[in-house]
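Each reported figure results from applying straightforward, stated rules to the coordinates on display, with no laboratory input. Just so it is clear, the structure is predicted and the values come from calculations on it, not from any experiment. Heads up, the Cβs are rebuilt from the backbone with ideal geometry, glycines too, and the neighbour counts pull from every protein chain shown.
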Amino acid sequence: MAGTDDGPAAVLRRFLAERADEITAEVVGEIAARVPAYTHLRAGDVSNLVREAIAVYSGAREASAVLPVFRALGAGEALAGHDIRYFECALRTAARVLVRRTANAAARLYPPTAEFITIMEIAFTAEDELVGAAVEGHHRAARPGVARLRYPLFSDN
């Protein structure tokens, strides 16, 4: 599904990308409401991450293309001394917003059919892969002697 310009993934990605600022604001609001350690987060801090995730959740881009960004994000959080539990909670909160928005958009564009089911399977797989990469980056960076890679967006606490 990834890579086609006019297939369901590309149409869905464009639909969501046109609403990226709105989705980003929703992500930030829900993280702030659920994870007090991240109340400082602003839309500008995560807009690029949300856009990358939208491309993967819609199936327009392979997760492997953005996993290094999410690993670096996790490493930055570890280096900043942020607790993995709060970090993972923030990521999963953002993922819930993205899955909900992806499901709503897919249902609007493709009433529940095989395409809708395929899109949702891609979105759930993306959530697992992106959150897993960020958590992996956090674990790796927390180990002594690991090269210090930093993604500063969440780490300016």
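See the values below:
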quantity: FRET efficiency for ALA142 and THR39, using Cβ-Cβ distance with R0 set to 22 Å, rounded to 0.05; calculated: 0.45
quantity: Proximal charge balance of GLU121 [Cβ under 14 Å; K/R count +1, D/E count -1]; calculated: -4
quantity: Compactness relative to 2.2 N^0.38 Å, alpha carbon Rg of the stretch 51-99; calculated: 1.21
quantity: Max mean-square fluctuation residue, GNM over the chain, Cα-Cα springs under 10 Å, options ILE122, ILE54, ILE84; calculated: ILE84
quantity: 5 Å-binned pair-distance histogram of the stretch 8-142 (Cα, whole percent); calculated: 2, 12, 21, 23, 20, 12, 7, 3, 1
quantity: Exposure proxy ranking, count of Cβ atoms within 10 Å, fewest first, for HIS139, HIS40, HIS82; calculated: HIS40, HIS139, HIS82
